[in-house]
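**Q** The structure that follows is given in the form of structure tokens.
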Amino acid sequence: MPSVFIKTYGCQMNERDSEAVAAQLLAKGYSLAPDENVADVVLLNTCSVRDLAEQKALWKMSALAGLARKAGRQPVLGFMGCMAQSRGQQLVETLPDVDLVLGTQKFHRAAEYLDELLAGRRKKIVDTDAEAGSQATIREHLLSGGAGKKSVTAFVSIMQGCNQHCTFCIVPATRGEERSRTIPDVVTECRELVGRGLREVTLLGQIVTSYGKRDYPLKEGKSAFVQLIEAVHEIEGLERIRFTSPHPKGYGDDLIEAFGRLPKLVEAAHLPLQSGADRLLKLMHRGYTRERYLTIIEKLRRVKPEMGVSTDIIVGFPGETEADFEETLSLCRQVEFDQAYVFKYSPRKDTPAAAMDGQVSAEVIEERHLRLLTLVNELAGRKYDALIGSTVEILVEGPSRRNPARYEGRTRSNKIVVFPGGERHRGQLLELRIERTGSFTLYGDPAVIGMDDVDDDKTPLEPPTPELNLVSAEKHQ
Ligand code: SAH
Ligand code: F3S
């Protein structure tokens, strides 16, 4: 049977989609290729959020095609995901080696289309049509924690699309209208995962605070999303629930209170900010003010003082003045985020912001990017340092990605902790004392769990699964 290699760009949604496609192909008898240059099928799962992410995938595809030609090989080459959706037919016209273009509502058709291409029944397939019900097709899991070991955590896709139409964002165009899976459907998937040994789920969507709005009316003042969290919370054996990404506009008191009520809902809130200036928030069509954003954070911290708060910020949105930018800096000083992803504004095709006056020069964007990054990293560093000497609970996920001789897990507030653990700790909840910090990493003191328990069963190094590059390539840059 053919072998496949999948490379993923972009967000957790993309990682999840790639995993579902890989699981689908494995079930049909495909194997995972150890590297892209020997695979019979190479699929690039693409991101369109910024131009750089698109360019990287385009360069990669040209390089793959060139190398294959040189080696006298003819692998099936395909794009899928957001750029496949937004560029469609144009991709096969400009890159003649590309055989398959699979849109964001078509992941579940990958096996069927690849069969046709591999059998030579069709020469090229481009499918970017909308498909009713496609939001419920991202459900198969690979659950590979590396080297044949089981995963401890999983992403669960609960909805697709976004109707918010922020003026800078291409996602509503690439992912389509909001469409949610049903509560029983999501709960069934989570229950199956727990049955397979998973202990933590992250509920995923582009705007999860809009989950099920049209399908489930408020119940005792609780939104559909909170109803979903409650239903998932009932699952016995599940230890932790996370979700991403919510939108400040829909971040109601019912959701804030849920953190106080539901012990499995961990103290981690990723709340995209984008800008600290009301003037820009309005131009961005974000639907909230600086004050409203700050109120949400304040309420969250009142319910859970240890809440880990992270965010996304864009610098250089059209019309952003020095004064606007300083409002973003001051908000960051006020909130003290545990982590902030800072993005340089990138004009996207057919978005209102791309046509706005006052596009900011690359030099100014660069300078603001550096200033903001320096500030948020310094503030975050202080937050991490403040944890030295404290005891935290981690869920052990497996060998550390930074140092495979060590093990790692996450705190409830979503901070990575590296410690000298062994394979037997995988999937365990452990209490560790933090002894030092590194860049967005905590290092745990093994004394707390007892050294004898730790080192004797150290397994050989276990790198992350080499076959499937599911790791986000863009988001953290
Ligand atoms: N709600 C989605 C947003 C997807 S895009 C989610 O987080 O799941 C992720 C982040 O990319 C956004 O929060 C925003 O900060 C950034 N982004 C989106 N469009 C952008 C653009 N045109 N230029 C720069 N950054 C952008
Ligand atoms: Fe994009 Fe705004 Fe939706 S950032 S994904 S349009 S909430």
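**Q** So which of ALA39, ALA53 ends up being buried (at least 22 other Cβ atoms within 10 Å of the Cβ) and in contact with a Cys (Cβ under 6 Å, 6 or more places away or on another chain)? Before you say what the answer is, go through the steps one by one.
**A** On the way: ALA39 fails: in contact with a Cys (Cβ under 6 Å, 6 or more places away or on another chain).
Of ALA39, ALA53, the one residue that is buried (at least 22 other Cβ atoms within 10 Å of the Cβ) and in contact with a Cys (Cβ under 6 Å, 6 or more places away or on another chain) is ALA53.
**Q** Among the residues of region 147-171 satisfying the criterion of being closer than 29 Å to THR351 by Cα and either in contact with a His (Cβ under 7 Å, 6 or more places away or on another chain) or free of Cβ contacts under 8 Å to residues at least 12 places away in the same chain (or both), which is most open to solvent (accessible area, probe 1.4 Å)?
**A** Only one residue tops the list, namely HIS165.
**Q** Does ARG214 count as over 23 Å from the mean Cα position of the chain (by Cα) and surrounded by fewer than 20 Cβ atoms within 10 Å (Cβ to Cβ)? Walk me through it before giving the result.
**A** Working: over 23 Å from the mean Cα position of the chain (by Cα): yes; surrounded by fewer than 20 Cβ atoms within 10 Å (Cβ to Cβ): yes.
Yes.
**Q** Please tell me if ASP357 is within 16 Å of ligand 1 (Cβ to nearest atom) and among the charged types (D, E, K, R). Talk me through it step by step, then tell me what you get.
**A** Details: within 16 Å of ligand 1 (Cβ to nearest atom): no; among the charged types (D, E, K, R): yes.
No.
**Q** Only residues that are closer than 30 Å to LEU32 by Cα, at pLDDT 95 or above and out of contact with any Pro (no Cβ under 8 Å at 6 or more places or on another chain): list them for region 138-175, please.
**A** Filtering region 138-175 for residues closer than 30 Å to LEU32 by Cα gives 138-161, 171, 174-175.
If we keep only those that are at pLDDT 95 or above too, we end up with 152-161, 171, 174-175.
If the condition is that a residue be closer than 30 Å to LEU32 by Cα, at pLDDT 95 or above and out of contact with any Pro (no Cβ under 8 Å at 6 or more places or on another chain), then VAL152, THR153, ALA154, PHE155, VAL156, SER157, ILE158, MET159, GLN160, VAL171, THR174, ARG175 are the ones that fit.
**Q** Shifting gears a bit: Just the residues that are more than 16 Å from ligand 2 (Cβ to nearest atom) and not small (Gly, Ala, Ser), please, taken from region 329-345. Can you show your working first?
**A** Taking region 329-345 and keeping what is more than 16 Å from ligand 2 (Cβ to nearest atom), we get 329-339.
Result: LEU329, LEU331, CYS332, ARG333, GLN334, VAL335, GLU336, PHE337, ASP338, GLN339.
**Q** Another question, then. Name the residues in region 241-255 that are more than 16 Å from ligand 1 (Cβ to nearest atom) and surrounded by 21 or more Cβ atoms within 10 Å (Cβ to Cβ), would you? It would help to see each step written out before you state the result.
**A** Start the filter on region 241-255 by keeping residues that are more than 16 Å from ligand 1 (Cβ to nearest atom), which leaves 241, 252-254.
ILE241, the sole residue that qualifies.
**Q** Hey, another quick one. Within 21 Å of the chain's Cα centre (by Cα), touching a residue at least 12 places away in the same chain (Cβ under 8 Å) and more than 16 Å from ligand 2 (Cβ to nearest atom): which single residue out of GLN24, GLN55, GLN85, GLN12 fits that description? Break it down into steps so the answer makes sense when it comes.
**A** Numbers: GLN55 fails: touching a residue at least 12 places away in the same chain (Cβ under 8 Å); GLN85 fails: more than 16 Å from ligand 2 (Cβ to nearest atom); GLN12 fails: more than 16 Å from ligand 2 (Cβ to nearest atom).
After applying the criteria, what remains is GLN24.
**Q** Scan region 172-188 for residues that are within 9 Å of ligand 2 (Cβ to nearest atom) and surrounded by 22 or more Cβ atoms within 10 Å (Cβ to Cβ) and jot them down.
**A** ARG175
The values are calculated or read from the model by the stated rules, or taken from the named source; none is laboratory data. Owing to the predicted nature of the structure, the values given are computational and were not obtained by experimental measurement. FYI the Cβ positions are ideal-geometry reconstructions off the backbone, even for glycines, and counts take in every protein chain you see. SASA here: full protein model, heavy atoms, side chains in, ligands and nucleic acids out. Shrake-Rupley method; radii C 1.70, N 1.55, O 1.52, S 1.80 Å.
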